[in-house]
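The values are calculated or read from the model by the stated rules, or taken from the named source; none is laboratory data. Computed from a predicted structure; not experimentally measured. So basically every Cβ, Gly included, is an ideal-geometry build from the backbone, and we count neighbours across all protein chains shown. Note: areas computed on protein heavy atoms with side chains; ligands, DNA, RNA excluded. Shrake-Rupley method; radii C 1.70, N 1.55, O 1.52, S 1.80 Å.
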Amino acid sequence: MRLVATAARGRGRSTFGERAFQGALAIATATAAADRLAAHRKCDRMGLECAKPEGKALGRPSSLSEKQKRNVRADLAKGMSVSAVARKFATSRQTIMRVRKEGYRA
């Protein structure tokens, strides 16, 4: 048996025991990675829950200041197209449409 296993390894093949060990190692590695990800997400949630009552701004910062948003709304009210306003402020059309939508809610 030992001679067969040695010959198999010499040809780039692994024995059944080696394959079983490799499979178990892969499962253990994947499980550890999943546990780390779950712990990271839990810490993120806890941080957000602490920041909300303090009134801290959450999420990605706005690409336009409040003054720029007012200017965007003014340009749209003058009849400029969304695309033209987006070019003027060097931002995306989606951002301009979001500012327009916020203006309707305010």
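Points worth noting:
- Ligands, DNA and RNA left out, the accessible area of the chain computed with a 1.4 Å probe is 58% carbon and sulfur.
- Across the options 64, 46, 25, the greatest Cα extent toward the positive end of the charge dipole of the chain (unit charges at beta carbon of Lys, Arg, Asp, Glu) belongs to 64.
- Dimensionless Rg ratio for the chain, taking C-alpha atoms and the 2.2 N^0.38 Å reference: 2.23
- For residue 69, the accessible area of its heavy atoms, probed at 1.4 Å with every protein chain present, is near 20 square angstrom.
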